[in-house]
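Report on the structure given below.
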Amino acid sequence: MSDYDIPRPVSGDVLERILEDHRLFEDLLREARRTDTDRAAARHALAEILVAHAVAEEEKVYPTLRRKAADISEHEAEHGEEEHAEINEALLAFLRAKGTDTQKYDDALEDLATVVNHHANEEEQTILNPAREEVSLEVREQLGVDWLTRRNQLLEEGCASEEQVAALLDEAVAEGVLARRRRARRPTRSRSGPRRRPRRSRTPPSATDRAVTALLGWRA
């Protein structure tokens, strides 16, 4: 269905290969916005690479990097999984947008772009950068083979139909992944409680005010 050729390397430093996919996300998002391209094909290719990339990361990359790099905590890995679920939520809405020339399509695309770009930026800073400093090139290259093998398998099989993305989202909901993400984003109230409205300062009445008050009271 897709006119877009998704590269399928089989080896290399996993960090560099992940960065290449991040650039591919940007390219396909741009293609999906243009009015002189096959938007349906761009949407299909974008969905496939987003899902294959994320599933292979969760299975092959995050567990290994968490063991090998002291600066990549369990929290960072879980946070990455939560953002993958958030991307799938936005992706499902994008896939369900009928046609490619509607406002609903454009809005869903921009919602997806927002979460994809946020995740890529955060992953590069909190996972890839520490791994570059703390994980040996030998380990990263072996991890590249493992990750790419799984990624390419998913691309070959097809992994991002509307039904498949909905199933991934249902799994994330059942495991509480999306719930954790939403709790993390919920604003917290200050421990001091709700802010109180400041009291108005009262100026003592002047002698004139007291005289007028007394006069009015006498007349009454």
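The values are calculated or read from the model by the stated rules, or taken from the named source; none is laboratory data. As the structure is a prediction and not an experimental result, all values here were calculated from the model. Neighbour counts run over all protein chains shown; Cβ positions are idealised from the backbone, glycine included.
Results, tabulated for the structure shown:
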{"quantity": "Long-range neighbours under 7 Å by Cβ, at least six apart or interchain, first residue of a type in the set (Gly, Ala, Ser) within region 117-141, second at pLDDT below 95 and in a helix (DSSP H, G or I)", "calculated": "ALA131/LEU65"}
{"quantity": "Test: residue in region 61-71 that is in contact with a Pro (Cβ under 6 Å, 6 or more places away or on another chain) and either modelled with pLDDT of 95 or more or not in a helix (DSSP H, G or I) (or both)", "calculated": "yes"}
{"quantity": "Residue match in region 23-30 (condition: among the acidic types (Asp, Glu) and more than 26 Å from ASP107 (Cα to Cα))", "calculated": "no"}
{"quantity": "Residues satisfying the stated conditions in region 116-125, i.e. surrounded by fewer than 18 Cβ atoms within 10 Å (Cβ to Cβ) and either aliphatic (A, V, I, L, M) or over 16 Å from GLU26 (Cβ atoms) (or both)", "calculated": "GLN125"}
{"quantity": "Residue under evaluation GLU20, criteria (1) modelled with pLDDT of 95 or more; (2) out of contact with any helix residue (DSSP H, G or I) (no Cβ under 8 Å at 6 or more places or on another chain); (3) farther than 21 Å from ILE127 by Cβ, criterion not met", "calculated": "(3)"}
{"quantity": "Residue that is farthest from ALA69 (Cα to Cα), among those in region 87-100 that are in contact (Cβ under 8 Å) with a residue 40 or more places away in the chain and not hydroxyl-bearing (Ser, Thr, Tyr)", "calculated": "ARG96"}
{"quantity": "The one condition in (1) of a type in the set (A, V, I, L, M, F, W, C); (2) surrounded by fewer than 18 Cβ atoms within 10 Å (Cβ to Cβ); (3) within 20 Å of the chain's Cα centre (by Cα) that ALA32 fails to fulfil", "calculated": "(2)"}
{"quantity": "Subset of region 1-23 (residues that are more than 17 Å from LEU154 (Cα to Cα) and either among the basic types (Lys, Arg) or touching a Pro at 6+ places or on another chain (Cβ under 9 Å) (or both))", "calculated": "GLU20, ARG23"}
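Table: residues versus (1) among the β-branched types (Val, Ile, Thr); (2) under 30 Å from ALA41 (Cα atoms); (3) at pLDDT 90 or above; (4) assigned to a helix (DSSP H, G or I).
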position: VAL115; (1), (2), (3), (4): yes, yes, yes, yes
position: ALA120; (1), (2), (3), (4): no, yes, yes, yes
position: GLU141; (1), (2), (3), (4): no, no, yes, yes
position: THR203; (1), (2), (3), (4): yes, no, no, no
position: LEU216; (1), (2), (3), (4): no, no, no, yes
